[in-house]
Amino acid sequence: MLKKLLTVSLLILMLALLAACGGDTEEAAPAAEETTAEEAAPAETDGTMTYVFVPKGLGIPYFDTANNGAQEAAAELGVEVTYTGPATADATEQIQVLNSLIAQGVDGLAISANDADALVPTGRDALESGIPVVSWDSAIAEGGRNAHMNQADSEGIGRVQIEMISDLIGGSGEIAILSATSTAPNQNEWIEFMKAELEKPEFADLDLVTIVYGDDEDEKSYNEAVGLMRTYPDLKGIISPTTVGIAAAARAVQDQDRIGEVFVTGLGTPNQMREYVESGAAPAFALWNPADLGYLAIYALNAIATGEIQGNPGDTFDAGKLGTYTIAEDGSVLLGAPTVFNIDNINDFDF
Ligand code: RAM
């Protein structure tokens, strides 16, 4: 009997041991969860600020160059900057991208806006979630961002384009503007200043016949430029205040064999325009350095995100190799003056 009892006890003990082993296996799951949690912890607490640099649209060399500057600033500041945006220069699409970034809880947004007012509620959502916002290149209206990085004085950008076209066409004749999208805050502001410039007596013989929009898409801009030359056979000049439009317009003038009859100017990048400066389709154009603008935007965003400044008018911040900047009364920060490029200096630039 005792022997039988011992055997049964032994059996129970063995079963208990087996069960205990099984339990260990089952307990492996929570242990794995802990590991996951431990792995996630450094990402949340290692203190690396993650900002997002958002262009009007992806695939535009101007914005790629701006992003190079943003990455340079990120390396100097020890922060992370990711580059993402809408596939085309479209405000609705850009708002969708931004909503998803706000939901992810990024540490800051630097945006080139496709629409000044349409982006205000989105920018406000970000600010209310504790995400600082700076716009650069193309401004979000006040209320939707902390500060705006302005590439150059807008009046000066308008003026230089009228001066260039006047010089190129000998001071008189029909001109047209080929812009980006009809809602683009930066182009629309520059166009207003161009119109004001045209009111001046020295430009009385320049006749602005129309404004068309290529939406910052190469093919659409090219077709619009061809259309301008067909609709206005006496057209002497096209001003395109967009890097996409000016390159497409110059190509169209070349393809249509109109070099020397129709002159293109506006805002372009030296690398995209070199060929047309040399051919005479676009002998002169202007721009600032987009990489410097991206660099400045990340320095400003980081100064706000780290609490170094509040982002208010009068606040001063350090922008690395560019020096010290101050936020103006209207919330903007001015990068500097634009450069005029022509056959004499174009080969000094590589962007
Ligand atoms: C295009 C974009 C950008 C503008 C430049 C000049 O690349 O429209 O916003 O600043 O042109």
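Details
- The alpha-carbon atoms of region 43-90, seen along their principal axes, cover 35, 20, 10 angstrom, with the largest extent given first.
- Between residue 199 and residue 142, the FRET efficiency from the beta-carbon distance, with R0 = 22 Å, is close to 0.20.
- The chain, relative contact order [Cα under 8 Å, separation at least 6], %: 17 percent
- GNM top mover of 281, 74, 328 - the chain, alpha-carbon springs below 10 Å: 328
- Karplus-derived HN-Hα couplings along region 225-233 (A = 6.51, B = -1.76, C = 1.60, θ = phi - 60°), whole Hz, x at Gly and Pro: 5, 4, x, 4, 5, 6, 6, 10, x
- Over all directions, the projected convex hull of the C-alpha atoms in the chain averages 25.1 nm² in area.
- Centre separation in Å (Cα based) which lies between region 114-191 and region 214-262: 21 Å
- Of all DSSP beta bridges in the chain, antiparallel share, percent nearest 5: 15 percent
- Placed amide H near residue 149: partners under 5 Å, 5+ positions off or other chain: 135, 136, 137, 333
- A straight chain from residue 99 to residue 87 at 0.36 nm per residue would run longer than the Cα-Cα distance by 2.8 nm.
- Per residue, the solvent-accessible area of the chain (1.4 Å probe, heavy atoms of protein chains only, all protein chains present) comes to 45 Å².
- Two-site FRET efficiency, residue 209 against residue 48, from Cβ-Cβ distance with R₀ of 56 Å, rounded to 0.05: 0.60
- Here residue 75 and residue 275 are evaluated by their C-beta separation; at R0 = 30 Å the FRET efficiency comes out at 0.40.
- Three semi-axes of the equivalent ellipsoid, region 154-287, Cα gyration tensor, whole Å, largest first: 19, 17, 14
- Cα centroid of region 298-343 to Cα centroid of region 62-87, whole Å: 16 Å
- Phi-derived couplings, Karplus 6.51 cos²θ - 1.76 cosθ + 1.60 at θ = phi - 60°, listed residue by residue for region 184-193: 4, x, 5, 4, 5, 5, 5, 5, 4, 5 Hz, with x used for Gly and Pro.
- The chain - percent of accessible surface contributed by carbon and sulfur, probe 1.4 Å: 52 percent
- For the peptides 151-160, 61-70, 123-132, residues were scored by their other Cβ atoms within 10 Å and the scores averaged per peptide; the highest-first order is 61-70, 151-160, 123-132.
- Descending principal axes extents, region 91-190, alpha-carbon based, whole Å: 55, 23, 17
- Helical content of the chain, expressed as a calculated mean residue ellipticity at 222 nm, amounts to -16000 deg cm²/dmol (DSSP H runs of 4 or more residues, -39,500 (n - 2.57) each, divided by residue number, nearest 500).
- Karplus 3J(HN,Hα) series, Hz, for region 287-295 with 6.51 cos²θ - 1.76 cosθ + 1.60 (x for Gly, Pro): 5, 9, 8, x, 5, 5, 5, x, 4
The values are calculated or read from the model by the stated rules, or taken from the named source; none is laboratory data. Being a predicted model, the structure only gives us computed values, none of them experimental. Neighbour counts run over all protein chains shown; Cβ positions are idealised from the backbone, glycine included. For accessibility, only protein heavy atoms count, side chains too; no ligands or nucleic acids. Shrake-Rupley method; radii C 1.70, N 1.55, O 1.52, S 1.80 Å.
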